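In what follows, a structure is listed as structure tokens, so that the remarks can point back to it.
FYI, it's all coordinate maths here, none of it is from the lab. Since the model is a prediction, treat every value here as computed from it, not as a measurement. Cβ sites come from the backbone with ideal geometry, for glycine too, and all protein chains shown count toward neighbours.
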Amino acid sequence: MNDTICALATAPGGALGIIRVSGPNAFAIVSAVSSVSCDAVAANTIHYGHIVECDAVSQHQNTIDEVLVSVFRAPHSYTGEDSVEISCHGSRYIINKVLEQLCQHGCRMARPGEFTQRAYLNGKMDLSQAEAVADLIASTNKATHQLAMSQLRGGITTELSRLREQLLQLTSLLELELDFSDHEDLEFADRKELSTLANKIDKHITSLARSFEMGNALKQGVPVAIVGKTNVGKSTLLNRLLKDDRAIVSDVHGTTRDTIEDTIDIQGVTFRFIDTAGIRQTTDQVEQIGIERTFQAIQKARIVLWIIDEQPSEEEINELEKQTENKQLIIVKNKIDKTGNNGYNLLNCPVVSISAKFGTGIEALEQAIFEAADVPSLTEDVVIVTNARHYDALVRAHAHLQRVIDGLSAGDSSLSALHPSLPPDLLSEDLRQALDTLAEITGGQITPNEVLKNIFTKFCVGK
């Protein structure tokens, strides 16, 4: 990190552009290309000036743009280094000329995510917080924004710190016994108490790992499958929810031959709706493939909307009950503008009456969908795992802890004296591995360069 880097930190094409410069020579380089002497001004201040270039022939200085120069001194900057942000007009020509001048005077163009990587390496944030920066930029709704902000504020870091402190307590007691290994019968910790504590920690880790399913759904969009027989109004409902003619609507049976997907936002949460082929007996080979994909969509969905316009048969009810096991099922009685709001004998699940054609009951349906998603209250103290790398580390930490729990349980006198608990050195090793695995999430141990490269190359340039 001995070189000085620069990059455009805002999306191109806007009225303004912000160019970020960071590194040991940031002040000298910006001073050389502008009318602002960065070394002479106070930290955390903004100054009006000009970016200039020197004509190679006449040696005359030409003004490229009028700018505002923001100066940040190490370690009180985003990267922890001396940093400067240049606000100029958003013209591509101007931005390219400013970057060209910076590079001619000693900067190099930053790689994707390099500013945030430097912030991590300089101790300004841990690895999970650095990843939250990318999530914050990519957030598309209230839920994903709140999840990213919670992680950026250190929500998961705080949670993992508590778990690691408890694991260290376990490890310390076991390793203390190793110092007195000559005394075979000496135990500093009751194995039953250790087993209770290990189970408590493991339960917390498992709970965090399980939250990934919800976190991933919120990040990618909660999947909702729209199913039912042909011509019950599935495509009409999708178009009504999307407020767009996304799917073809026709009186001809079997119009929808494949799944159609799109997303909408309901109360700050993104839902990914999947319109499916109508379920019916058919000899059409293409339509049969579409029906097979309908059942695949049901398996991938968290919520299933079963659209009906008449009393379904007992066989249909039994089949859907089997297909939607462990899913949130909502029965949607459509076409009440024609049939009226008649009661049907159906499964024990929410029932919403609508007219997709005229929009009747759509708000009630959206409310039922939101409630079926069972989204937890996204307050600052709620930690939900959204990152696959974090989930993988939690699963591995659980496996290490499970070996510790099994090793401690082997010494339970209620089982047999022939099954003593594992020696403290083996238990301690598994605890150490659990600690190291949790540390991977925040980067609390030496993180391999290839892991850092994989994380930060997914960032946009300038961040």
**Request:** Give the dimensionless ratio obtained when the Cα radius of gyration of the stretch 89-142 is divided by 2.2 N^0.38 Å.
**Result:** 1.50
**Request:** Can you list which of the chymotrypsin sites (Phe, Trp or Tyr not before Pro) found in the stretch 315-410 are DSSP loop residues with at most 13 other C-beta atoms within 10 Å?
**Result:** Tyr344, Phe358
**Long pairs among Lys97/Lys458; Lys192/Lys300; Lys124/Lys192, criterion Cα-Cα beyond 32 Å** = Lys192/Lys300; Lys124/Lys192
**Prompt:** Peptides 317-326, 302-311: what's the order by average Cβ count within 10 Å, highest mean first?
**Reply:** 302-311, 317-326
**Asked** Roughly how many nanometres apart are two label points built 7 Å out from the Cα toward the Cβ at Asn326 and Val52?
**Response** 7.0
**Asked** For the stretch 80-85, in order, what is each residue's ³J(HN,Hα) by Karplus, 6.51 cos²θ - 1.76 cosθ + 1.60 with θ = phi - 60°, in whole Hz (x at glycine and Pro)?
**Response** x, 10, 4, 9, 9, 10
**Fill in**
Relative to the compact-globule estimate 2.2 N^0.38 Å (N residues), the Cα gyration radius of the stretch 1-143 stands at a ratio of 1.08
**Complete:** As straight-line cross-link partners of Lys333, the qualifying lysines (C-alpha separation under 21 Å, not fewer than 8 residues apart within one chain) are Lys229, Lys234, Lys243, Lys322, Lys357
**Message:** Taking just the alpha carbons, could you work out the radius of gyration and Dmax for the stretch 351-404, both in angstroms?
**Reply:** 19.7, 61
**Vicinal HN-Hα couplings computed from phi for the stretch 223-233 (Karplus, 6.51 cos²θ - 1.76 cosθ + 1.60; Hz; Gly/Pro x)** = x, 10, 8, 9, 10, x, 6, 5, 6, 8, x
